[in-house]
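Peer 1: Structure in structure tokens, see below.
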Amino acid sequence: MGDVEPETPETAGRAAALWRQALGSVEEAGRALEADAGNEARGRLAARRAEVEAGLERAEREAQLLNDLDHTRAFRATWEGSDFDKEARSYAAALEAYGVRTEGAEGQAAAVIRAERPAVRLALIVALDDWATCVGGPELARLRGVAGPEAAWLRGVADRADDDAWRRRYRVAASAGDVGALKRVAVEARGQELSAVSAVILAVALRRGGAPVAAATLLRQARRQHPTDFWVHYDLGYSLENQSHQNPATLDEAAGVFWAAIALRPDNAPAYINLGVVLGAQGDREGAAAC
């Protein structure tokens, strides 16, 4: 835990932009050498061009994957509530487009993920973990109307692709629905550098298990470590909003967190809606109506 951060759409996009710049430089060098270069120089330039084109293709594939995964997470928070079926189908489409099969032997899918560089590999692993939270077991999947792989298959692939012992303990606890074990996993994370998405996934499991206070504690730490991550702010606000014993300080904190989330993503309607709920609970009817 903490040895690598999952790739983000922003970092992947910047990497692709750098490869495009490199390709432009190679093309410019080719035009400059067009008339005077000998065969050896032309050969070196062609080899360099092939290398850069391959790097650009890989970077653009990764950027598309990361954008697709980020878009998928947005289905968890829509103005009309969570759309688990759309989230599951979107995850399946994103991974299949990248070349990761979402059916068949767990080992085959895990081998494809393991072949990726560490940051992309972790992004795929935590995507499987998040996907599993929206599917659940067979009964919950039927209740939600979610088609596709069950949570056990998704977590099995993630386990085979992942060497991190902490995330493996999380999957055991999540699969069993053991809130006590989930709380112990959360305590382990204190003082550790936990990726933003892993913190959110564990917090969602804690909240669903009736432990919103533990979820909020975990997400406060994540917020300090990842101050620009929208989902950390959003889920912290949601955890505070859903505590059974709210007090003015809790509501103030929830409002501040939702305002921070809105500053990061001003077009996110659910953040405004939840802020409105909190403002209403504070007695600010005008502010709630404005949301």
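Peer 1: Being closer than 21 Å to ARG265 by Cβ and basic (Lys, Arg) narrows it down to one residue among ARG169, ARG208, ARG223; which is it? Break it down stepwise before answering.
Peer 2: Numbers: ARG169 fails: closer than 21 Å to ARG265 by Cβ; ARG208 fails: closer than 21 Å to ARG265 by Cβ.
Exactly one residue qualifies, and that residue is ARG223.
Peer 1: Exactly one of (1) more than 19 Å from THR8 (Cα to Cα); (2) outside any helix (DSSP H, G or I) is unmet by GLU193. Its number?
Peer 2: It fails just one condition, (1).
Peer 1: Next up: State the number of residues belonging to region 230-249 that are in contact with a helix residue (DSSP H, G or I) (Cβ under 8 Å, 6 or more places away or on another chain) and either crowded, with 21+ Cβ neighbours inside 10 Å or assigned to a helix (DSSP H, G or I) (or both).
Peer 2: 12
Peer 1: Among ALA59, ALA93, ALA97, which is in contact (Cβ under 8 Å) with a residue 24 or more places away in the chain and either crowded, with 16+ Cβ neighbours inside 10 Å or of a type in the set (Ser, Thr, Tyr) (or both)? Show your work before the answer.
Peer 2: Values: ALA93 fails: either crowded, with 16+ Cβ neighbours inside 10 Å or of a type in the set (Ser, Thr, Tyr) (or both); ALA97 fails: either crowded, with 16+ Cβ neighbours inside 10 Å or of a type in the set (Ser, Thr, Tyr) (or both).
Every option except ALA59 fails the conditions.
Peer 1: Sticking with this structure for a sec: How many residues, within region 122-136, are in contact with an Asp or Glu (Cβ under 8 Å, 6 or more places away or on another chain) and among the charged types (D, E, K, R)?
Peer 2: Matching residues across region 122-136 total 0.
Peer 1: Does region 133-152 contain any residue that is under 29 Å from ALA214 (Cβ atoms), modelled with pLDDT of 90 or more and either in contact with a strand residue (DSSP E or B) (Cβ under 6 Å, 6 or more places away or on another chain) or not hydroxyl-bearing (Ser, Thr, Tyr) (or both)?
Peer 2: Looking through region 133-152, none of the residues is under 29 Å from ALA214 (Cβ atoms), modelled with pLDDT of 90 or more and either in contact with a strand residue (DSSP E or B) (Cβ under 6 Å, 6 or more places away or on another chain) or not hydroxyl-bearing (Ser, Thr, Tyr) (or both).
Peer 1: From ALA37, ALA41, ALA46, which residue is outside any helix (DSSP H, G or I), farther than 20 Å from ARG155 by Cα and modelled with pLDDT under 90? Spell out the reasoning first.
Peer 2: On the way: ALA41 fails: outside any helix (DSSP H, G or I); ALA46 fails: outside any helix (DSSP H, G or I).
Exactly one residue qualifies, and that residue is ALA37.
Peer 1: Which residue pairs have Cβ atoms closer than 8 Å, lie 6 or more positions apart in sequence or on different chains, and pair a first residue in region 256-281 that is in contact (Cβ under 8 Å) with a residue 12 or more places away in the chain and among the small types (Gly, Ala, Ser) with a second residue that is surrounded by 16 or more Cβ atoms within 10 Å (Cβ to Cβ) and not in a helix (DSSP H, G or I)?
Peer 2: ALA261/ASN268; ALA271/ALA77; GLY276/CYS291
Peer 1: Restricting to region 6-35, name every residue that is surrounded by 17 or more Cβ atoms within 10 Å (Cβ to Cβ) and among the acidic types (Asp, Glu).
Peer 2: Across region 6-35, the qualifying residue is only GLU7.
Peer 1: Does region 228-255 hold any residues that are of a type in the set (A, V, I, L, M), closer than 18 Å to THR217 by Cβ and in contact (Cβ under 8 Å) with a residue 12 or more places away in the chain, and which are they? It would help to see each step written out before you state the result.
Peer 2: So in region 228-255, the residues of a type in the set (A, V, I, L, M) come out as 232, 236, 240, 249, 251, 254-255.
So of that shortlist, the ones also closer than 18 Å to THR217 by Cβ come out as 232, 236, 240, 249, 251, 254.
Within region 228-255, VAL232, LEU236, LEU240, LEU251, ALA254 meet the criteria.
Peer 1: So, VAL120, is that one modelled with pLDDT of 90 or more and β-branched (Val, Ile, Thr) or not? Walk me through how you get there before you give the answer.
Peer 2: Values: modelled with pLDDT of 90 or more: yes; β-branched (Val, Ile, Thr): yes.
Considered against the rule, which asks whether it is modelled with pLDDT of 90 or more and β-branched (Val, Ile, Thr), VAL120 comes out as yes.
Peer 1: ALA216 is checked against (1) closer than 15 Å to THR133 by Cβ; (2) modelled with pLDDT of 90 or more and fails just one. What number does that condition carry?
Peer 2: In the conditions (1) closer than 15 Å to THR133 by Cβ; (2) modelled with pLDDT of 90 or more, ALA216 misses (1) alone.
Peer 1: Kindly indicate which of ALA216, ALA222, ALA289, ALA271 is part of a helix (DSSP H, G or I), surrounded by fewer than 16 Cβ atoms within 10 Å (Cβ to Cβ) and touching a helix residue (DSSP H, G or I) at 6+ places or on another chain (Cβ under 8 Å).
Peer 2: Numbers: ALA216 fails: surrounded by fewer than 16 Cβ atoms within 10 Å (Cβ to Cβ); ALA222 fails: surrounded by fewer than 16 Cβ atoms within 10 Å (Cβ to Cβ); ALA271 fails: surrounded by fewer than 16 Cβ atoms within 10 Å (Cβ to Cβ).
Sole residue among the options that is part of a helix (DSSP H, G or I), surrounded by fewer than 16 Cβ atoms within 10 Å (Cβ to Cβ) and touching a helix residue (DSSP H, G or I) at 6+ places or on another chain (Cβ under 8 Å): ALA289.
The values are calculated or read from the model by the stated rules, or taken from the named source; none is laboratory data. Everything numeric here is computed off the predicted structure, so don't read it as measured data. All Cβ positions, even for glycine, are placed from backbone atoms using ideal geometry, and neighbour counts span all protein chains on display.
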